[in-house]
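*Asks:* Structure in structure tokens, see below.
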Amino acid sequence: MPAVPDIRIHRDSQAWAAAAAEFVLEVGKEAVRANGRFLIALSGGTTPEILYRALTSPAFADRFDWSRTTFFFSDERCVPPDDPRSNYALAKKALFTPLNIMPSQVYRMVGESHDPQAAAYEYEQQLRLATKIAPSARPSLDLVLLGLGEDGHTASLFPGASILRGRQHLIAATQSPKDPPNRLTMTLAAINRASVILFLVTGAGKAGVVRAILDPKTEAERQLPAALVAPEEGRLIWFLDQAAAAELPIR
Ligand code: 6PG
């Protein structure tokens, strides 16, 4: 039975960022209490920046011991780590550096690789090693952060991509209609294993696609990549601001 999404709507991006930061700390504290560590995958795009700013602000920065956290990425653009389009570059500038996160705590996807397939395979091996799971098993991260594109893509899983039907790989090299074209991404097989999947979506520009994912009317909408995110055992949470939730049916 697919997890019923828990949809949380906040009046504006500031309230949204504070609530999202509170939620991340809550999941982190629970993971450290239960397993002695917190395994989190960061999403790409621009939306996470407001969350990072909240987590590194005086209101939150000292409320969690980040030293037991291991950071992964839900996806990456195939660009160098200092490229302004790099998801790692944003996280380094707005989260890792302000929180003094050690490089050993961060597993970044090697976007600058000239062989994305090999980089995807390499990252999958690292993910397995870092999460200490058996070769045949699939890791279950404590928290996977995801964004949402206006075409219904999430991570770097784009509509119609063949990888959406695959189940064997955890990490894949994909093509994006958005710049930059070459991407590395977690697959649904990796994402849907998470204990908590958190969609972070703000802004009026996303209202239409949010409605399509959370209140689908057609089979095409049900097949959008973000609609295929369904945790096998975990929780599915959507953090929206009012602008992004504007077309959802009144609950
Ligand atoms: C990426 C992303 C992508 C992103 C959405 C939303 O690397 O591009 O992971 O899935 O989350 O495109 O992007 P914005 O947050 O910039 O709207």
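*Asks:* Given the condition in a strand (DSSP E or B), away from the ligand (no atom under 12 Å from the Cβ), farther than 30 Å from Arg211 by Cα and touching a residue at least 12 places away in the same chain (Cβ under 8 Å), answer yes or no: does some residue in region 71-78 qualify?
*Replies:* Yes.
*Asks:* If you don't mind, another one. Which residues, taken from region 160-192, are open to solvent by 60 Å² or more (accessible area, probe 1.4 Å) and either part of a loop (DSSP other than H, G, I, E, B) or touching a residue at least 40 places away in the same chain (Cβ under 8 Å) (or both)?
*Replies:* Gly160, Arg165, Arg167, Gln168, His169, Pro177, Lys178, Asp179, Pro181, Asn182
*Asks:* Could you count how many residues in region 129-159 are in contact (Cβ under 8 Å) with a residue 24 or more places away in the chain and either open to solvent by less than 30 Å² (accessible area, probe 1.4 Å) or farther than 21 Å from Val201 by Cβ (or both)?
*Replies:* Count: 21.
*Asks:* Check region 208-225 and report whether any residue there is surrounded by fewer than 16 Cβ atoms within 10 Å (Cβ to Cβ) and within 13 Å of the ligand (Cβ to nearest atom).
*Replies:* Within region 208-225, not a single residue is surrounded by fewer than 16 Cβ atoms within 10 Å (Cβ to Cβ) and within 13 Å of the ligand (Cβ to nearest atom).
*Asks:* For region 29-54, what are the residues that are crowded, with 19+ Cβ neighbours inside 10 Å, within 16 Å of the ligand (Cβ to nearest atom), in contact (Cβ under 8 Å) with a residue 40 or more places away in the chain and not in a strand (DSSP E or B)?
*Replies:* Ser43, Gly44, Gly45, Thr47, Pro48, Ile50, Leu51, Tyr52
*Asks:* Is there a residue in region 134-146 that is within 16 Å of the ligand (Cβ to nearest atom), under 17 Å from the mean Cα position of the chain (by Cα) and part of a loop (DSSP other than H, G, I, E, B)?
*Replies:* Yes: region 134-146 contains one or more residues that are within 16 Å of the ligand (Cβ to nearest atom), under 17 Å from the mean Cα position of the chain (by Cα) and part of a loop (DSSP other than H, G, I, E, B).
*Asks:* Follow-up. Given the options Phe23, Phe64, name the one that is in a helix (DSSP H, G or I) and either away from the ligand (no atom under 16 Å from the Cβ) or at negative phi (or both). Working first, answer last.
*Replies:* Numbers: Phe64 fails: in a helix (DSSP H, G or I).
Within the list Phe23, Phe64, the selection yields Phe23.
The values are calculated or read from the model by the stated rules, or taken from the named source; none is laboratory data. What you see is a predicted model, and the numbers here were worked out from it, not measured in a lab. FYI the Cβ positions are ideal-geometry reconstructions off the backbone, even for glycines, and counts take in every protein chain you see. Only protein heavy atoms, including side chains, enter the accessible area calculation; ligands, DNA and RNA are left aside. Shrake-Rupley method; radii C 1.70, N 1.55, O 1.52, S 1.80 Å.
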